[in-house]
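Below is one structure; the comments refer to it alone.
Since every read-out is calculated from the coordinates, none of them should be taken as a lab result. Keep in mind that what you see is a predicted model, and the values were worked out from it rather than measured. Methodologically, a virtual Cβ is constructed for each residue, glycine included, from the backbone with ideal geometry; neighbour enumeration extends over all protein chains shown.
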Amino acid sequence: MYSRIVVGTDGTDRSLIAVDHAARLAAACSAELHVVAAASPSDAGGTRQAVTAVARFSDASARTAAKIGHDAGKRHGVRVIEHRQVGDPATVLMAVAAAVDADLIVVGNKSMTGRSRKFAGSVPSRLAHQSPRPILIVHTG
């Protein structure tokens, strides 16, 4: 059914739920699992110091996301490929999905809260409206 599944994570416990769900689905389909961690440069505010802080956060978040992905892959016996990028998370997920010719994008439903959600829109919502690929939104709490 699926041969390549892309899942987004920000390294949080909630995103682990979506990654684990994607890993179980990948195992059932014998699919590759592409774990994507993205940090938005717009969160930095524009100063060099702020951009450096986002880059550091992105790197730490990506390492956590990679560990989450590899742990899920081991638990469910799937091949995991990690992708770390700085950029708008929804845009990055769509770009990675296009680059690997993914059959499905998986994302948790609690990826953004508060002001950032109000102004930028949630990542799941943007994916549902903009992605040409199927989207699976996992309830993460």
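Assorted remarks:
- For the stretch 129-141, 3J(HN,Hα) computed residue by residue from phi via the Karplus equation (6.51, -1.76, 1.60; θ = phi - 60°) reads 8, 10, 7, x, 9, x, 10, 10, 9, 9, 5, 10, x Hz, glycine and proline entered as x.
- The stretch between A99 and K67, if pulled fully straight at 0.36 nm per residue, gains 9.3 nm over its current Cα-Cα span.
- Paramagnetic label reach from Q130 (point 7 Å along Cα→Cβ; backbone nitrogen cut-off under 14 Å): within the stretch 85-109, residues 87-98.
- Rounded to whole Hz, the Karplus (6.51, -1.76, 1.60) HN-Hα couplings of the stretch 26-39, x for glycine and proline: 4, 5, 5, 9, 6, 9, 6, 10, 9, 9, 10, 10, 9, 10
- Computed from the C-beta positions of T91 and A27 and an R0 of 35 Å, the FRET efficiency is 0.80 to the nearest 0.05.
- Sum of side-chain charges, A38 neighbourhood, beta-carbon under 9 Å (Lys, Arg +1; Asp, Glu -1): -1
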